[in-house]
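Colleague: Please read through the structure below; I'll follow up with questions.
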Amino acid sequence: MFNTKNLAIYRIYKIVWMSTKFFIQIYWFQKRYKGSWNSNVEEKWSRLTGRQAREYKKLALKLEGLMIKLGQFLSTRADIMPKSFINELDGLTDRVPPVPWEKAKSVMESEWNTDTSSIVQSISDVPVASASIGDVYKATLHNGDTVAVKIQRPGIETIIRTDFKAVKIVSWLAQKFTSFGKQIDLKALYREMTTVIGEELNFRQELQNGETFRERFNHQPGISIPFYYTDFTTRRVLVMEWIEGAKINDQNFLQEAQIDRSDLADRLLQLFIEQLLNEGLFHADPHSGNILIKKDGTIVLIDFGMVGMIRNKDAQAVQLAVEGIIFERYEDVIQALESLRFLLPHADKEVLTEVIERVVRLYKSNEWQDGDSFLMDRLLEDIQEIVRSQPIQLPSEFAFFGRAISTFTGVIYSIYPDADFIEMARPTVLGWVTGRNEEKNSSKELLKTAQRYFQPLLSTPYKLQEALEEPKRYRRMVQKKHKQEQLLNNWITQRKEIAFITAIPFAGLHGAVWFSEWIIASGTGVLVLAGSWRYIVLSRKIKKELDEEKRS
């Protein structure tokens with residue numbers, strides 16, 4: 001029986017129309033409450049974005065495919081997505097409807113080119129886990145080994161290719177009509193998504209990734225990577241060692257096994273520091289379902305379909321940024337961000353240095369734990385406004401890097417809420433510094449190391465001076481922020497007015513196509529094109545004036 005949701009035009013229509021509706025709702029909300037943001041408006045904003053997330057989640061579970069993967073991605077992006085939206089999308093990680101057993105069995109027999117009984121002695125007809133790409137079944141091989149068999153969902157490749165077409169359209173709309181579309185290179189992010197998720201559809205690639213991680217980490221005490229069965233793995237079926245364990249954040253299991261949560265959080269952090277801050281592959285989807293814990297405390301990583309790559313040059317820059325934060329050398333952090341291509345040419349490094357310093361001070365202070373602190377709220381508001389006004393971008397190759405960081409930090413906090421990442425990472429960072437100094441064995445590097453070791457003591461007079469300078473620096477920062485805000489507001493207001501005028505005939509075009517009124521569709525289509533052309537011309541003109549003002 002044919003399923004409408006698998007029809008390409010239907011999927012594209014549903015995804016693009018939902019996104020367009022969201023953009024219009026957000027535009028009207030921001031226009032209505034511009035300049036009058038308070039706790040009451042904040043509550044209304046949370047309700048709106050929560051309602052949008054529920055609608056997205058409902059459509060994602062109906063369409064499946066890329067919508068679920070994208071929802072999982074958005075649920076980890078606290079930098080661009082509202083908290084209420086993220087909370088509503090949380091369930092997309094695990095609760096995905098399984099494929100009927102007969103369809104899954106058909107995929108296995110097609111890939112193995114034989115009956116399932118020729119490969120496995122027994123296999124469950126109900127999956128132990130269901131994901132957007134495939135379902136996992138528990139089986140026993142003829143040699144007695146207990147294995148996990150991951151079976152790709154039938155037709156998922158075609159569905160995801162269709163969804164990518166829809167996402168490309170939505171990316172264009174976001175880039176033109178939303179604020180975060182100006183801060184993120186959406187075209188590059190789209191290319192990165194097609195590459196990473198495309199590789200996730202090839203289970204042979206996942207097997208290779210898993211073997212790479214096994215070779216890299218299996219010698220480390222307390223860390224385990226499953227064994228993969230190469231002879232039985234194909235593009236759409238993967239067979240690997242069965243692991244007896246629980247999710248890493250299963251509180252009851254941790255209590256019953258008497259596992260020290262502080263020690264577990266520290267070991268987990270070191271595991272991901274090794275991945276994220278050194279050259280090589282990193283696990284790009286480290287949610288709690290992909291990290292297991294055994295009764296003896298062994299950490300097990302599984303599911304290597306989505307991985308990223310850290311180049312040596314970028315690894316060095318990331319290490320420099322971490323060292324800068326821990327040793328309070330904020331100019332090193334700016335240098336690292338510039339090396340990592342996060343800063344565009346016109347970024348005000350002095351302002352950004354102050355922002356980073358204020359964030360770290362806030363994290364270290366008692367104000368951080370006081371959620372009702374007026375000072376904390378004001379600082380965070382100032383920091384957010386300054387960051388929004390600066391030419392900062394998220395390089396596409398770091399999109400999944402950021403996703404991995406936000407995901408695994410969330411996992412650590414769920415295990416050990418009192419985790420202090422700066423203090424937990426300090427011994428590892430000191431090891432980097434010491435190791436480099438031993439290799440270079442130069443007096444200059446030893447002096448630099450000593451300076452960093454004793455930075456907390458040496459920086460006391462400097463901090464006193466900084467405290468005295470704070471009012472003047474803050475006034476200068478606020479003045480600069482206000483000037484940039486005025487320019488940006490003028491620019492955004494004019495662009496949004498034309499965008500809205502264009503959106504009206506676009507909605508008419510949508511209705512005309514839906515009711516097959518082709519004469520009306522032709523007329524509104526012309527208006528959409530005319531409005532879009534006017535929008536592009538005016539945007540370029542205003543942007544040119546804004547750039548000239550920034551350079552002056």
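The values are calculated or read from the model by the stated rules, or taken from the named source; none is laboratory data. Every value quoted in this text rests on a predicted model; they were computed, and no experiment measured them. Positions of Cβ are backbone-derived with ideal geometry, glycine not excepted, and every protein chain shown enters the neighbour counts. Quick note on the areas: whole protein, heavy atoms, side chains included, nothing else; ligands and nucleic acids left out. Shrake-Rupley method; radii C 1.70, N 1.55, O 1.52, S 1.80 Å.
Colleague: Kindly evaluate LYS31 against the criterion of being touching a residue at least 40 places away in the same chain (Cβ under 8 Å) and open to solvent by 80 Å² or more (accessible area, probe 1.4 Å). Before you say what the answer is, go through the steps one by one.
Modeller: Values: touching a residue at least 40 places away in the same chain (Cβ under 8 Å): yes; open to solvent by 80 Å² or more (accessible area, probe 1.4 Å): yes.
Criteria met by LYS31.
Colleague: Give me a count of the residues in the range 109-151 that are within 18 Å of LEU207 (Cβ to Cβ) and either of a type in the set (Phe, Trp, Tyr) or not in a strand (DSSP E or B) (or both).
Modeller: So the answer is 7.
Colleague: Quick one: which of LEU59, LEU63, LEU48 is in contact (Cβ under 8 Å) with a residue 60 or more places away in the chain and either touching a strand residue (DSSP E or B) at 6+ places or on another chain (Cβ under 8 Å) or open to solvent by less than 30 Å² (accessible area, probe 1.4 Å) (or both)?
Modeller: Numbers: LEU59 fails: in contact (Cβ under 8 Å) with a residue 60 or more places away in the chain; LEU48 fails: in contact (Cβ under 8 Å) with a residue 60 or more places away in the chain.
Going through LEU59, LEU63, LEU48 in turn, the sole match is LEU63.
Colleague: Select from the range 319-363 the residues that are open to solvent by less than 40 Å² (accessible area, probe 1.4 Å) and either outside any helix (DSSP H, G or I) or basic (Lys, Arg) (or both) and list them in ascending order.
Modeller: If the condition is that a residue be open to solvent by less than 40 Å² (accessible area, probe 1.4 Å) and either outside any helix (DSSP H, G or I) or basic (Lys, Arg) (or both), then PHE327, ARG329, LEU340, LEU343, ALA347, ASP348, ARG358 are the ones that fit.
Colleague: Which residue pairs have Cβ atoms closer than 9 Å, lie 6 or more positions apart in sequence or on different chains, and pair a first residue in the range 200-214 that is touching a residue at least 12 places away in the same chain (Cβ under 8 Å) and under 21 Å from LEU66 (Cα atoms) with a second residue that is of a type in the set (S, T, N, Q) and open to solvent by less than 10 Å² (accessible area, probe 1.4 Å)?
Modeller: Matching pairs, first to second residue: LEU201/GLN152; PHE203/GLN152.
Colleague: Still on this structure, please answer the following. Looking at MET240 and the list (1) assigned to a helix (DSSP H, G or I); (2) closer than 16 Å to LEU292 by Cβ, which single condition is not satisfied?
Modeller: (1)
Colleague: Still on this structure: Can you tell me which residue within the range 224-240, out of those that are open to solvent by 60 Å² or more (accessible area, probe 1.4 Å) and under 29 Å from the mean Cα position of the chain (by Cα), is farthest from LYS103 (Cα to Cα)?
Modeller: Only one residue tops the list, namely PHE227.
Colleague: Take MET81 and tell me if it is under 21 Å from LYS44 (Cα atoms) and either under 20 Å from the mean Cα position of the chain (by Cα) or at pLDDT 80 or above (or both).
Modeller: Numbers: under 21 Å from LYS44 (Cα atoms): yes; either under 20 Å from the mean Cα position of the chain (by Cα) or at pLDDT 80 or above (or both): yes.
Against the criterion (under 21 Å from LYS44 (Cα atoms) and either under 20 Å from the mean Cα position of the chain (by Cα) or at pLDDT 80 or above (or both)), MET81 qualifies.
Colleague: To continue, here is another question. Please count how many residues of the range 1-22 are in a helix (DSSP H, G or I) and loosely packed, with under 12 Cβ neighbours inside 10 Å. Explain how you work it out, then say what you get.
Modeller: So in the range 1-22, the residues in a helix (DSSP H, G or I) come out as 4-6, 8-22.
Retained after the next criterion (residues that are loosely packed, with under 12 Cβ neighbours inside 10 Å): 4, 9.
Final tally of qualifying residues: 2.
Colleague: How many residues, within the range 187-223, are among the charged types (D, E, K, R) and open to solvent by less than 30 Å² (accessible area, probe 1.4 Å)?
Modeller: Taking the range 187-223 first, the residues among the charged types (D, E, K, R) are 187, 191-192, 199-200, 204, 206, 211, 214-216.
Filter once more, keeping what is open to solvent by less than 30 Å² (accessible area, probe 1.4 Å): 200, 206.
So the count comes out to 2.
Colleague: Could you grab me the full set of residues in the range 238-280 that are under 26 Å from ILE151 (Cβ atoms) and out of contact with any Phe, Trp or Tyr (no Cβ under 7 Å at 6 or more places or on another chain)?
Modeller: The first filter runs over the range 238-280 and keeps only residues under 26 Å from ILE151 (Cβ atoms), leaving 238-248, 250.
Within the range 238-280, TRP242, ILE243, GLU244, GLY245, LYS247, ILE248, ASP250 meet the criteria.
Colleague: Another question about this same structure. Does the range 255-314 hold any residues that are hydrophobic (A, V, I, L, M, F, W, C) and in a helix (DSSP H, G or I), and which are they? First the steps, then the outcome.
Modeller: As a first pass, look at the range 255-314 and keep what is hydrophobic (A, V, I, L, M, F, W, C): 257, 259, 264-265, 268-269, 271-273, 276-277, 281-282, 284, 291-293, 299-302, 304, 306-307, 309-310.
Passing the criteria: LEU264, ALA265, LEU268, LEU269, LEU271, PHE272, ILE273, LEU276.
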